[in-house]
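Okay, so here's the structure we're looking at.
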Amino acid sequence: MSRTILILSIIAVLSACNNFSSEGEKYSMLVKKELKKGIRKDSLFLGLRLGMTSKEFYVHCWELNKQGIISDGELNTAVKYKLKSELKHPGAMNFYPDFYEDKIAKIRVKFSYDAWAPWNKNLIADSLMPDVLNLCKRWYPRGNEFITLNDSIRGTIHVKVDGNRRIIIGKVDEREVLVDYTDMLIEQKQKNAQPK
């Protein structure tokens, strides 16, 4: 009996390793294929785009703020966009870019429901994540589909790669879902610039 359990355990571990390997290989092949195309996909949301200069970003946000579309976000260190009907429940997205050589290389966007509380189980990140995934599918209907991967730190994540743009959706904690937008060409340039 114990021998059967041992054999089944080994098979389960090998199977899990093969699944991780095939997920990782699928993702790596997708990235290589998309970067090889040489196509730029820079559009993000609210008229923002990868590669925007810091001045263009601030001027654009200033105009959106004057129109009442966005406001100051978390601790006045982010930009906040209220989601009234885009999700199943009212919520918000807080975002701010990372610049490299004065151009937007990455934007991290934190999504949350307004009425979140630990006792509101229908408003926790487990409910928010599929809602954000559906929103992103509506925002980015063209190109490759989102693929689901298992990340050792964030757990289940959803990834979409089109040209130079990568979108990753994953939970932050019980309240928030993080969407990372990255220009993979700039990411490669940053890695190549680091001393070895």
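The values are calculated or read from the model by the stated rules, or taken from the named source; none is laboratory data. Quantities reported herein were computed from a predicted structural model and do not represent experimental measurements. Counting neighbours? That spans all protein chains shown, and the Cβs are built from the backbone with ideal geometry, glycine included. With ligands, DNA and RNA removed, areas are computed over all heavy atoms of the protein, side chains included. Shrake-Rupley method; radii C 1.70, N 1.55, O 1.52, S 1.80 Å.
Here are the numbers for the structure shown:
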{"quantity": "Net charge, residue 79 excluded, C-beta distance under 12 Å - Lys, Arg +1, Asp, Glu -1", "calculated": "+2"}
{"quantity": "Surface per residue (accessible, 1.4 Å probe) for the chain, Å²", "calculated": "60 Å²"}
{"quantity": "The stretch 138-144 - phi-based ³J(HN,Hα) in whole Hz, Karplus 6.51/-1.76/1.60, Gly and Pro as x", "calculated": "6, 5, 10, x, 8, x, 6"}
{"quantity": "Sequence-separation-based contact order of the stretch 77-196, relative, with Cα cut under 8 Å and 6+ spacing, percent", "calculated": "22 percent"}
{"quantity": "Cut-off under 5 Å, modelled amide H: who pairs with residue 83 long-range", "calculated": "91, 92, 93"}
{"quantity": "From phi via Karplus (6.51, -1.76, 1.60), per-residue ³J(HN,Hα) for the stretch 65-81 in Hz, x at Gly/Pro", "calculated": "5, 4, 7, x, 7, 10, 8, 5, x, 3, 6, 6, 10, 9, 9, 10, 10"}
{"quantity": "Placed amide H near residue 41: partners under 5 Å, 5+ positions off or other chain", "calculated": "164, 165"}
{"quantity": "Stokes-Einstein D (µm²/s) once Rh is taken as the Kirkwood radius of the chain over alpha-carbon pairs, at 20 °C in 1.002 mPa s", "calculated": "115 µm²/s"}
{"quantity": "Net dipole in debye of the stretch 129-196 [+1 Lys, Arg Cβ; -1 Asp, Glu Cβ; about Cα centre; nearest 20]", "calculated": "280 debye"}
{"quantity": "Within a Gaussian network of the chain (alpha carbon springs, distance under 10 Å), most fluctuating of 133, 48, 178", "calculated": "48"}
{"quantity": "Aspartates and glutamates with Cα under 12 Å of residue 41, excluding same-chain neighbours fewer than 8 positions away", "calculated": "162, 183"}
{"quantity": "Sulfur and carbon atoms: percent of accessible area, the stretch 13-113 [1.4 Å]", "calculated": "55 percent"}
{"quantity": "Cα centroid of the stretch 138-188 to Cα centroid of the stretch 81-97, whole Å", "calculated": "17 Å"}
{"quantity": "Heavy atoms of residue 137: accessible area, 1.4 Å probe, square angstrom to 10", "calculated": "90 Å²"}
{"quantity": "Backbone HN-Hα couplings from phi across the stretch 91-102 [Karplus 6.51/-1.76/1.60, Hz, Gly and Pro as x]", "calculated": "x, 8, 10, 10, 8, 7, x, 9, 9, 9, 6, 6"}
{"quantity": "Gaussian network model of the chain, Cα within-10 Å springs - most flexible of 42, 102, 131", "calculated": "102"}
{"quantity": "Highest-MSF residue in the chain out of 68, 51, 24 [GNM, Cα springs under 10 Å]", "calculated": "68"}
{"quantity": "Reachable lysines, given that their alpha-carbon falls under 17 Å from the alpha-carbon of residue 121 and they are not under 8 places away in the same chain", "calculated": "88, 171"}
{"quantity": "Hull volume in cubic angstrom per residue (convex hull over the Cα atoms of the stretch 31-115)", "calculated": "124 Å³"}
{"quantity": "Amide H contacts under 5 Å for residue 175, placed H, 5+ residues apart", "calculated": "125"}
{"quantity": "Rounded to the nearest 10 Å², the accessible area of residue 71 at probe 1.4 Å", "calculated": "50 Å²"}
{"quantity": "On Cα atoms only, tilt of 2-37 relative to the major axis of the chain in degrees", "calculated": "40 degrees"}
